[in-house]
Structure formats: structure tokens, C-alpha cells
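Everything on this sheet refers to the single structure shown next.
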Amino acid sequence: MIYTYYYTDRVTSDVFKYFDDSKILFDSIKSNPIDFFQMLFGLDFNTAYFHEHYYSKMGYWYRVNNSNFLSDTHIMIRFNMFVRLFSFGFYHIHNVFINFVSLVGLVAIYKAFLPFFQSTKKILFLTICFIPSLLFWGSGLLKEGIIIFALGFFLIHFFKLLESFKLSKSWLKSWVILFVTALLMVFTKMNIIVALIPCLLGYVIHKKRMNNALLSYGIAVFLLIGISFLMLLFSENYNPFSLLINKQQDFIYLMEKVDVGSAINQPKFNSISDVFLYFPEALINVLLRPFFWESYSVFTLFSALENSLFFILLFVVLFFRKKSMAHPSIFYFCLLYAITSALIIGLTTPIMGAIVRYKIFTTLFLLIALLMLLDVEKLKNSWFFIIFKK
């Protein structure tokens, strides 16, 4: 409701443009059901035919900014196309459906981390399920709902597989779910799975090869950086650095075509050294901004307020920190994801309004990492808690 109130233009509003485009594809079920199912499942191999009869009539099947770094809008059009089978074209039924998908995903994320937070499971639940930005962006007819769903089930089955490698129906089921949800994230928002890769590798090294959690994640990071430089030797276009540069140029091209009110003064990257030099500012843009004086809309104002609440929590954690963590590998898993995703977003996104939306998963993992450090019992017995309780 809030989103549709502020974004009233159906042509530019994400929640409507994919919904409206899906009708063109859905109408094929009446005239040519085979076309419908081919487009629904991505089996539209006869590109010229489908372009002529369907895609050329749509406003957002082909994007203005397009690179090899996947961030596909097709999945939301197909999602709406599927829901139209039982929604009869009523928008609010689509909204209810995506909210259900998002809720299931939040519960899945909670269950994935629950084994590591047995003594603070209520706080974990509140942390995951009541992050304002995550609730807001996850409750609209947007990609975030699908990402939350895929991420939750991916994490559940990743942790489950690391606990047991025994060949069984459950083992096979977990691998299938892991593959499907990873694929879903790849075709919904590629940077989510990219940011997860060093975390997954570090966790596997720690669980199977090394007791020192910090060293395990450090090895994972340096190993992936080394692979990235090797890829650079073999291909100038298909390596992580080139993909980051291309993605930034996509956004710059978009800003030239569309009037953007929250553009950041970001230098254009021309080399790998430019990317590395911008690391500190990229982290600041994602983790600290927007500041209150930069709030040009209600969305950035709420994001600035959320940042303030985060710093209050950080202050509390610094004063009531655990002497030792029961699961340091999970702390480094979440912290590494937050840093990696913040870098990807900060390097590729020169628009503050987009950063506010994209960083919701960065915030989620950062808060879970902070919760790992918080000594709840020490906090309960402190003067801070007693005064607050009164």
C-alpha cells in the first residue's frame, strides 16, 4: 500500500510493470497453451517467433541496461504469469501470494540459524522477522520476496548437508533443493549468490578441514581472489572485476536515460585499481548512508532511521559482548556475507535509492553477526536493562 501510494505511475513502478507485462504472456493460454508453458518454464527457444508474437509487445521483457552480470526481471514476469492462473487478474491476490512466499522464506531463514542460537532464539526471531526494510521490500510484488524464500531454504539445506554426508533420500532431497534455490537466486539477483560463495567455502573449510574459523574464512577469501586474477589472465570480459565494472556502467547508462533524484557522485571505473581504491567509500555508502540530511524521500528517511537503530545496537553489543562465541564460524559467515555484499552493492550502484533497497540482506546478516556477540544475560543484569524495564 505504501509503495503504490508513492509510486503511482504504472509505467515506472516495479510492482505494476511486471504485473502488466505478465498479462501479455498469460493471454497466450487461450490461443496457444503450448506457447504459454514454453514461456513459463523458459523453453522459448524459437527466439524470433516469441519476440514477434509476445516479447516485442511488452514494455520490460528487454531491459535498457543489460550486462552479463545476471539480474533478470523475467522471473517476476513469469511469477505473475503463473499466479494469474488462479488470481483472475486481481493485483491484490498476487500481493497476498508474494507475502506468503516471503513469510515462508523468513521462517526458513530463522530455522536455518536456530541451531546456533538456542539460548537466544526469541531474539533471533525478532531480529530476522522485524527488520523494517526487509519487511517493507519483502512484502511487495518484487523480487525480494522470491529471494527471501530461496535464501531461507538454501541455507537450511546447506547447513543440513554439512552435518551429514550419508547417501539417503533426505540427502538427495537437500541437494535438489540446494540446486533449485541457488538457480532461483542466480536468475533473480546474481549478487546474492556471489556474496554467499566465500561464506560457503569458508564454512566448508572450517567444518571439514580446519578448526580455526577466522583462518578458514581468510583462506576462502584469498583463494577466490586468486581465482579471480587467474580468470583475468584467460578472459578480459568474463571475470569478476570486468563484471563489476560492466554492472556499474549499466547503472551509469540508466542514469543518463532516466531522471534519478538520488545519484551518488561515483567515479567511473576503468581498471581493477579503480575498483580496489573505491572499496572504503563503497562500504561507507552501503553500511552508513543514507544520513538523515540526505533523506530525499520517505524511503531514504526510514533507511536513515534504521541505520541509527543499528548503531545503537552496535553500541549495546560493544558494552555487553560475550567473552567467547559458541559458533564463531557462523559469526564470520554472516560478517563476511555482509562485507562482500556491501562491496558488490557499493561498487556497482551509484544510486542511493537503489542501495537502500539492495542492502536489506546485508543488514540482515550484519544483525545476525552482532547477535552472535551479544551477551544477553549480562545485558539483563545490567543497569541499562533495569532502567529500560522500569
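Computed from the coordinates by the stated procedures, all read-outs in this text should not be read as laboratory data. Since the model is a prediction, treat every value here as computed from it, not as a measurement. Because the Cβ atoms are built from the backbone with ideal geometry, glycine has one as well, and the counts that use them run over all protein chains shown.
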Could you list 113, 50, 276, 234 so that the one with the fewest beta carbons within 10 Å of its beta carbon is first and the one with the most is last?
234, 276, 50, 113
Rank 230, 161, 61 by how far each Cα sits towards the positive end of the charge dipole of the chain (+1 on Lys, Arg Cβ; -1 on Asp, Glu Cβ) and give me just the farthest.
161
Amide H proximity to residue 351 below 5 Å, modelled H, separation 5+ or other chain, gives 264
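Could you list 231, 76 in order of exposure, starting from the residue whose Cβ has the fewest other Cβ atoms within 10 Å?
With the sparsest Cβ surroundings first, the list reads 231, 76.
Which trypsin sites (Lys or Arg not before Pro) in the range 237-294 sit in a loop by DSSP (not H, G, I, E or B) and have at most 15 other Cβ atoms within 10 Å of their own Cβ? Walk me through the numbers before you get to the answer.
On the way: sites: 247, 257, 268; in loops: 268.
In loop regions of the range 237-294 (DSSP not H, G, I, E or B), the sparsely surrounded trypsin sites (Lys or Arg not before Pro) are 268.
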Could you work out the mean projected area of the convex hull around the alpha carbons of the range 307-386, in square nanometres to one decimal?
5.8
Give a residue-ordered list of calculated ³J(HN,Hα) values for the range 226-231 (Karplus: 6.51 cos²θ - 1.76 cosθ + 1.60, θ = phi - 60°; whole Hz; x for Gly, Pro).
x, 4, 4, 5, 5, 4
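Given the -39500 (n - 2.57) contribution per DSSP H run of 4+ residues, what per-residue ellipticity at 222 nm results for the chain, rounded to the nearest 500 deg cm²/dmol? Display every interim value, and only then the final one.
Numbers: 22 runs with 281 residues, N = 390.
That comes out to -22500 deg cm²/dmol.
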Packing rank of 17-23, 211-217, where each peptide gets the mean count of other beta carbons within 10 Å, highest leading
17-23, 211-217
Report, to the nearest 10°, how far helix 143-163 tilts away from the longest principal axis of the Cα atoms in the chain, using its own Cα long axis and a range of 0 to 90°.
50
Along the Cα→Cβ direction, 7 angstrom out, place labels at residue 129 and residue 375. What is the inter-label distance in nm?
2.9
Kindly provide the chymotrypsin sites (Phe, Trp or Tyr not before Pro) of the range 136-210 that DSSP labels as loop, not H, G, I, E or B, and whose Cβ sees at most 14 other Cβ atoms within 10 Å.
165
Can you compute the radius of gyration and Dmax for the chain, using only the Cα atoms, both in Å?
21.9, 71
Of 23/57; 23/247; 121/208; 30/143; 189/247; 143/247, which ones are farther than 21 Å apart at the Cα?
23/247; 121/208; 30/143
Using alpha-carbon coordinates, inclination of helix 14-26 to the longest axis of the chain, degrees
40
So which trypsin sites (Lys or Arg not before Pro) in the range 190-232 end up in coil per DSSP with only 16 or fewer other C-beta atoms within 10 Å?
209
Through the Karplus equation 6.51 cos²θ - 1.76 cosθ + 1.60, θ set to phi - 60°, convert the phi angles of the range 272-284 into ³J(HN,Hα) values in whole Hz; use x for Gly and Pro.
5, 4, 4, 5, 5, 5, 8, 3, x, 5, 4, 5, 4
What whole-number volume per residue, in cubic angstrom, does the convex hull of the C-alpha atoms of the range 78-196 give?
117
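Any chance you could run the full-extension gain for residue 37 through residue 56? It's 0.36 nm times the residue separation minus the Cα-Cα distance, nm to one decimal. Don't skip to the end; give the middle numbers.
Values: separation 19, 0.36 × 19 = 6.84 nm, distance 1.84 nm.
Separation in residues times 0.36 nm, less the Cα-Cα distance, equals 5.0 nm.
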Around residue 320, what is the net charge, scoring Lys/Arg as +1 and Asp/Glu as -1 over all other residues with Cβ under 13 Å from its Cβ?
+3
Listing 336, 287 from the residue with the fewest other Cβ atoms within 10 Å to the one with the most, what is the order?
287, 336
For residue 93 and residue 288, FRET efficiency with R0 = 51 Å and r from the beta-carbon atoms, rounded to 0.05?
0.85
Do you know the relative contact order of the range 190-390, to the nearest whole percent, from alpha carbon pairs under 8 angstrom that are 6+ apart?
27
Counting Lys and Arg as +1 and Asp and Glu as -1, each charge on the Cβ, what is the dipole of the chain about the Cα centre in debye, to the nearest 20?
1660
Where a Cα-Cα gap under 17 Å defines reach, which lysines qualify for residue 207, not counting those fewer than 8 residues away within the same chain?
160, 166
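For the range 190-390, what is the Kirkwood estimate of the hydrodynamic radius, computed as the reciprocal of the mean inverse distance between distinct Cα atoms, to one decimal in Å? Before the final figure, lay out the partial values.
On the way: mean 1/r = 0.0535 Å⁻¹.
18.7 Å is the Kirkwood radius here.
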If unit charges are put on Cβ atoms (+1 for Lys and Arg, -1 for Asp and Glu) and the dipole of the range 122-242 is taken about its Cα centre, the option from 170, 241, 132 lying farthest towards the positive end turns out to be 170
